[in-house]
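The values are calculated or read from the model by the stated rules, or taken from the named source; none is laboratory data. Keep in mind the model is a prediction, meaning the values are calculated, not measured. Here the Cβ positions follow ideal geometry from the backbone for every residue, glycine too, while neighbour counts run over all protein chains shown.
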Amino acid sequence: MIWNKLAKSYDNLWIQKYSLAPTRKYILDYIQKRHDTFPCKSILDVGCGTGQCLYDIENALGKSEGVQLFGIDKSAEMIKHAQEKSKRIQFMEYNIDEQEDFSSLPVLPSVQVVPSLPSVPPLPSMQLVPTLPPLPPLFDIIICAHSLPYHQDQQKTIDLLARKTHNEGRLIFVHASINNFFDKCFMAIVETTAEKANYLSIPDFRNLLPENIEIEEEFIIRPKKFMPTISGFVLKKI
């Protein structure tokens, strides 16, 4: 799998500066703004890669009490590097293209730090207590950033993630999008460095949305003129 090969160098790829980092900034700004008025208790990142986005969210929210962060990716090596970033985030190797829902999603043990009593010498068993936080049946926010083009059935993916979002929750999709000849040429080159993809145009993405989902925000990320269209959508249930 190409993503396993890219995992080690992923955080330093050129695309970080002009695509992935600007995407994370937008997502982070949105979540911080929303968290002030509607606390986000559960956030899932689908196609989390090396965990950069969730790690930024964890730091931005200041490890807010009660916030659970989950990341899934089909690449075992990506998950391995993600787990090195944080012990408080649940990272799991999981390919939703092969599943009808999240019923078989494993929840890996995290580590909870338990403070020692001042008068009692600390024991190893008192320091690290494995915990198994339950996987929420629904999420406050689900992020799918730069991974939708690689899903085999994009309609199925969108429908599934919509079903796993709270009625008051939000879905955030961001991905490269082919809307003109320049986009087509640029993404043809990018595809040679990754895997076969379907970069939906903006109208094509809109047409895949379920009837109970509407667009709350729509945006374009293009920090440099030489970059292709990176389209973004914040979705909500109606």
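Just for the stretch 173-193: of the residues that are farther than 19 Å from Thr23 by Cβ and part of a loop (DSSP other than H, G, I, E, B), which one is modelled with the lowest pLDDT? My answer is Thr192. Looking at Glu77, Glu93, Glu98, Glu84, just one residue is within 24 Å of Pro149 (Cα to Cα) and either surrounded by fewer than 16 Cβ atoms within 10 Å (Cβ to Cβ) or modelled with pLDDT under 90 (or both), and that residue is Glu98. Pairs linking a residue in the stretch 24-36 that is part of a helix (DSSP H, G or I) to a residue that is surrounded by fewer than 16 Cβ atoms within 10 Å (Cβ to Cβ) and modelled with pLDDT of 90 or more, with Cβ atoms under 8 Å and 6 or more positions apart or on different chains, are Tyr26/Phe219; Tyr30/Glu217. Here is the figure for the stretch 58-91: residues that are outside any strand (DSSP E or B) and either of a type outside the set (A, V, I, L, M) or out of contact with any helix residue (DSSP H, G or I) (no Cβ under 6 Å at 6 or more places or on another chain) (or both) total 23. Take the residues in the stretch 5-47 that are farther than 22 Å from Phe91 by Cα and of a type in the set (Asp, Glu); name whichever of them is modelled with the highest pLDDT. Per the stated criteria, the residue is Asp29.
Of all the residues in the stretch 178-196, those that are within 25 Å of Ser9 (Cβ to Cβ) and either under 20 Å from the mean Cα position of the chain (by Cα) or exposed (fewer than 11 other Cβ atoms within 10 Å of the Cβ) (or both) number 6.
For Glu217, the requirement of being under 28 Å from Phe70 (Cβ atoms) and not in a strand (DSSP E or B) is not met. Applying the criterion of being among the charged types (D, E, K, R) and more than 11 Å from the chain's Cα centre (by Cα) to the residues of the stretch 9-36, the residue that is surrounded by the most Cβ atoms within 10 Å (Cβ to Cβ) is Arg34.
The rows are residues; the columns are (1) among the small types (Gly, Ala, Ser); (2) under 29 Å from Lys156 (Cβ atoms); (3) touching a Pro at 6+ places or on another chain (Cβ under 7 Å).
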| site | (1), (2), (3) |
| --- | --- |
| Lys5 | no, yes, no |
| Pro22 | no, yes, yes |
| Tyr26 | no, yes, no |
| Ile31 | no, yes, no |
| Ile43 | no, yes, no |
| Cys53 | no, yes, no |
| Ile57 | no, yes, no |
| Gly66 | yes, no, no |
| Glu77 | no, yes, no |
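The set of residues in the stretch 37-57 being buried (at least 18 other Cβ atoms within 10 Å of the Cβ), part of a loop (DSSP other than H, G, I, E, B) and at negative phi consists of Cys40, Cys48, Thr50. Lys196 falls short on exactly one of the conditions (1) of a type outside the set (Phe, Trp, Tyr); (2) more than 23 Å from Phe226 (Cβ to Cβ); (3) outside any loop (DSSP other than H, G, I, E, B), and that condition is (3).
Exactly one residue out of Leu138, Leu161, Leu123, Leu108 is surrounded by fewer than 16 Cβ atoms within 10 Å (Cβ to Cβ) and modelled with pLDDT of 85 or more, and it is Leu138. The set of residues in the stretch 158-189 that are among the small types (Gly, Ala, Ser) and out of contact with any strand residue (DSSP E or B) (no Cβ under 8 Å at 6 or more places or on another chain) contains only Ala188.
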